[in-house]
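Okay, structure first, notes after.
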Amino acid sequence: MVRRFIYSGLALALLLAGVAAGTATTAGAAKKLKPLVIASIGNYSGGGTTSSNDGAEAAITAWAKWTNAHGGVAGHPVDLIIKNDASTPAASTADVKKLVQTTHVIAIVMAFDTATESSWASYVESAKVPVVGGDLDTPTWITNPMFFPEGTTVDKLIGGGMYAAHKDGKKTAGYVVCSNIAACQQAATAAKATAAKYTVKYVYTGLVLPGAASYTSTCLAAKASKAQAIGFGISPDTGIRVATDCASQGYHPTYLISSQSVTAAMQHIAALTGMRNVYTDFPWYSNKTPAQKTYHQALTKYAKSYSSSIANSASSAQGWVSGQLFAAAAKAAKFTQIASPTNADVLKGLYQLKNETVGGLAPPLTYKAGKPTGSVSCFFIGGLKNGTFITPYGSKSFCL
């Protein structure tokens, strides 16, 4: 279904100012700049949904409204259509095909579609419709040439955690992962494979079941292994319980928690103080740079219908950066000189981006024509100290 359709108020504002709506001059001839019709799709209900998905939706909605209130993208109003595929592959594929064939979107901007994006990835590849930014949780973002990640790809987050542990002076590390899902356990395998590269010795893997009455035995085993850092391949709620149980046993390692697994609730958990977080895009709570300030201003104004813990989160940062990346591509392709840009024009702009960071909000991004982006191995590091989220190394990104 269409969750929300946002139509620009830009044209009315221009008319009230006595200016012809959406006009640009090229070689002395006036061109009317048509709205840029784009779509966002996500698992906003059904088995694939999480609160982080809602954060991404909140951000891309705020981005479209803020952008239109500030002149649009390269002078074009933005028409954003948001689709909820209910985490159903068949519905998701049908939605995407309709968006491309009937609505004629020029890009999908921000796909938080982890459970279903593989079902339509080959279709957008054949149609050459770019997918600009999103969840980055599947290999599709690494292998499909029409998927343009706006930040660190999932395969590099675990290595980023080991790097963060090394930078924090830790010599040994382990991982606690869920015992009921094989994909969770892959996190420990990846950590074990990469730890030595950053002079960290991997010493422990713990398997836990979500909802268990106690995690004391896991904590005691991790403590006995002398792991100075512990990564989590478990849900945020389970992670909070594990850390709390470990603290009661006098075990206080540095916890390594990545991106969307960091929640606002963790800020007030004393057992997690000192943790290090690896973020796909800028630490969402940071409000220091001009680009970060714009993000916070936009969400404060245009995401009021969402709770503050959802509207401002790691996933909302990803949603916002996805929109800004699309705008950067439009600027690179000189949309101010194109009355009605197409998906080919969006691709042209994306291929011109070299080490693009959209004002420092993303790690350096470069795309090559006709080729998959591959792994994006740069990331941001955040943390927690005495009940406050921090940026221990400022707003810069690090690369593996």
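Hey, can you grab everything whose amide H is under 5 Å from the amide H of residue 230? Only 5+ residues off in sequence or another chain; H modelled, so Pro and N-termini drop out. Excluding prolines and chain starts, which carry no amide H, the hits are 174, 254, 255, 256. Working note: 222 nm ellipticity from helices only, DSSP H runs with n ≥ 4, each -39,500 (n - 2.57), summed and divided by the residues of the chain, gives -10500 deg cm²/dmol to the nearest 500. Within the same chain, aspartates and glutamates fewer than 8 places from residue 197 are excluded, and of the rest, those with a Cα less than 20 Å from its Cα are 155, 168. Each of 255, 351 has some number of other Cβ atoms within 10 Å of its Cβ, and from fewest to most they run 351, 255. Going from the fewest other Cβ atoms within 10 Å to the most, the residues 335, 389 appear in the order 389, 335.
Measuring against 27 Å, Cα to Cα, the residue pairs 201/371; 156/368; 128/293 contain 201/371; 128/293 as the ones spanning a longer distance.
Extending 7 Å from Cα along the Cβ direction at residue 97 and again at residue 217 yields two label points whose distance is 5.0 nm. Simple rule: put +1 on each Lys or Arg Cβ and -1 on each Asp or Glu Cβ in the chain, find the dipole, and look at 363, 62, 183; the Cα lying farthest toward the positive end is 363.
Net charge dipole, segment 163-236: roughly 320 debye, given to the nearest 20, about the Cα centre with Cβ charges of +1 for Lys and Arg and -1 for Asp and Glu. Rounded to the nearest 0.05, what FRET efficiency do residue 355 and residue 300 give with R0 = 22 Å and r taken as the Cβ-Cβ distance? Could you check? For residue 355 and residue 300, the calculated efficiency is 0.15.
The listed peptides 75-81, 122-128, 157-163, ordered by packing as a protection proxy, come out as 157-163, 75-81, 122-128 (highest mean of other Cβ atoms within 10 Å first). Here the alpha carbons of the chain define both size measures, Rg and Dmax, at 21.7, 76 Å.
Largest first and in whole Å, the equivalent-ellipsoid semi-axes of segment 174-220 read 22, 13, 5, each the square root of five times a Cα gyration tensor eigenvalue. Of all DSSP beta bridges confined to the chain, the antiparallel ones make up roughly 35%.
Applying 1/(1 + (r/R0)^6) with r as the Cβ-Cβ distance of residue 237 and residue 199 and R0 = 51 angstrom yields a FRET efficiency of 0.95. Only Cα sites of segment 122-229 enter the Debye sum here, all with the same form factor; the resulting log10 I(q)/I(0) across q = 0.13 1/Å is -0.61, listed in q order. For segment 225-233, putting each phi into the Karplus relation 6.51 cos²θ - 1.76 cosθ + 1.60 with θ = phi - 60° gives couplings of 6, 6, 6, 7, 9, 10, x, 10, x Hz, in residue order, rounded to whole numbers and with x for Gly and Pro.
Cα centroid separation, segment 354-400 to segment 168-210: 22 Å. How far is helix 89-98 tilted off the main Cα axis of the chain, in degrees rounded to 10, range 0 to 90? It is inclined by approximately 20 degrees.
Along segment 360-373 the Karplus relation, 6.51 cos²θ - 1.76 cosθ + 1.60 evaluated at θ = phi - 60°, assigns HN-Hα couplings of x, 7, 10, x, x, 10, 9, 10, 10, 4, x, 10, x, 5 Hz to successive residues, with x for each Gly and Pro. The peptide list 325-333, 341-349, 90-98, put in order of mean Cβ contacts within 10 Å with the highest first, becomes 325-333, 341-349, 90-98.
Database remark: amide H of residue 109 closer than 5 angstrom to the amide H of 39, 40, 132 (H placed geometrically; neighbours at sequence offset of 5 or more, or on other chains; Pro and chain starts carry no H).
Backbone amide hydrogens, once placed in the peptide plane, bring residue 151 within less than 5 Å of nothing, excluding anything fewer than 5 places away on its chain.
If you plug the beta carbon distance of residue 209 and residue 288 into 1/(1 + (r/R0)^6) with R0 = 45 Å, you get a FRET efficiency near 0.65. Pairs with C-alpha atoms separated by more than 28 Å, drawn from the list 192/288; 288/354; 65/334; 304/348, are 192/288; 304/348.
Taken together, the values in this text are just the output of simple stated rules run on the coordinates, not laboratory data. Quick caveat: nothing in here was measured; it's all calculated off a predicted structure. Glycine also receives a Cβ, built like all others from the backbone with ideal geometry; neighbour counts cover every protein chain displayed.
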